[in-house]
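Notes for the one structure printed next.
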Amino acid sequence: HVRVVSNFDQACKVKAFVKTLLPHYPDEFPFRSRCIMLFQELDGVDVLFFAMFVQEYGSECPEPNRRKVYIAYLDSVNYFRPRRLRTVIYHELILAYLEYARRNGFTSAYIWACPPPNKR
């Protein structure tokens with residue numbers, strides 16, 4: 001089961017030091033925040049196994065974020081059965097969301113990722 005468990009409007013306020021460097025920059029960027037979760041019923045219980053947080057900057061948002069989507073967070077756990085289909089299911093959910101975004105007028109999508117740890 002796919003569930004949108006959070007869906008609300010928010011705004012990202014531009015920091016004062018950015019405004020000093022880029023005076024023409026807008027004061028804020030409005031966006032829609034969503035949390036999309038994927039559940040599987042196992043032994044009669046809905047078990048969460050995938051979560052995705054997105055920020056959708058619509059056509060009312062000023063450039064450079066106009067009609068952009070940011071996948072801000074992805075996480076999963078190893079509960080999905082059968083295990084061999086886990087990656088396929090994760091990929092399908094992300095691709096389905098990107099198709100939804102495209103059909104709703106978004107022109108670009110970005111996935112935020114942590115840099116790899118410094119291993120010495």
* From the P(r) of segment 1-79, can you give the percent of Cα pairs sitting at distances over 14 Å? => 68
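Using only helices, what value at 222 nm comes out for the chain when you add -39,500 (n - 2.57) per DSSP H run of length 4 or more and divide by the total residues, to the nearest 500 deg cm²/dmol? Could the numbers behind the result be given before it?
Working: 2 runs with 24 residues, N = 120.
Value at 222 nm, helices only: -6000 deg cm²/dmol.
Segment 36-87: percent of C-alpha pairs farther apart than 19 Å? Write out the running numbers ahead of the final one.
Values: 598 of 1326 pairs.
That tail contains 45 percent of the Cα-Cα pairs.
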* Structure fact -> Residues whose built amide H sits under 5 Å from the amide H of Val47, excluding neighbours closer than 5 in sequence, are Gln40, Glu41, Leu42
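Pop out the carbon and sulfur fraction of the accessible area of the chain as a percent, whole number, probe 1.4 Å.
On the way: 4730 of 8370 Å².
Exposed carbon and sulfur together represent 56 percent of the surface.
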* **Projected label distance in nm at Ser33 and Arg103, using a 7 Å step from Cα toward the beta-carbon** => 2.7
* Structure fact -> For Asn78 and Val2, extending 7 Å from Cα along the Cα-Cβ vector and measuring point to point gives, in nm, a value of 2.7
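Which value, in Å², gives the accessible area per residue of the chain when a 1.4 Å probe is used on the protein heavy atoms? Write out the running numbers ahead of the final one.
Details: 8370 Å² over 120 residues.
Heavy-atom accessible area per residue stands at 70 Å².
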* What dipole magnitude, in Debye to the nearest 20, does the chain give about its Cα centre under +1 on Lys/Arg Cβ and -1 on Asp/Glu Cβ? -> 480
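The values are calculated or read from the model by the stated rules, or taken from the named source; none is laboratory data. Model, not experiment: these values are computed from the prediction. With ideal geometry, Cβ positions are generated from the backbone for all residues, glycine too; neighbour counts draw on all protein chains shown. Ligands, DNA and RNA are stripped out before the accessible areas are found, and what is left, the full protein with its side chains, is counted by its heavy atoms. Shrake-Rupley method; radii C 1.70, N 1.55, O 1.52, S 1.80 Å.
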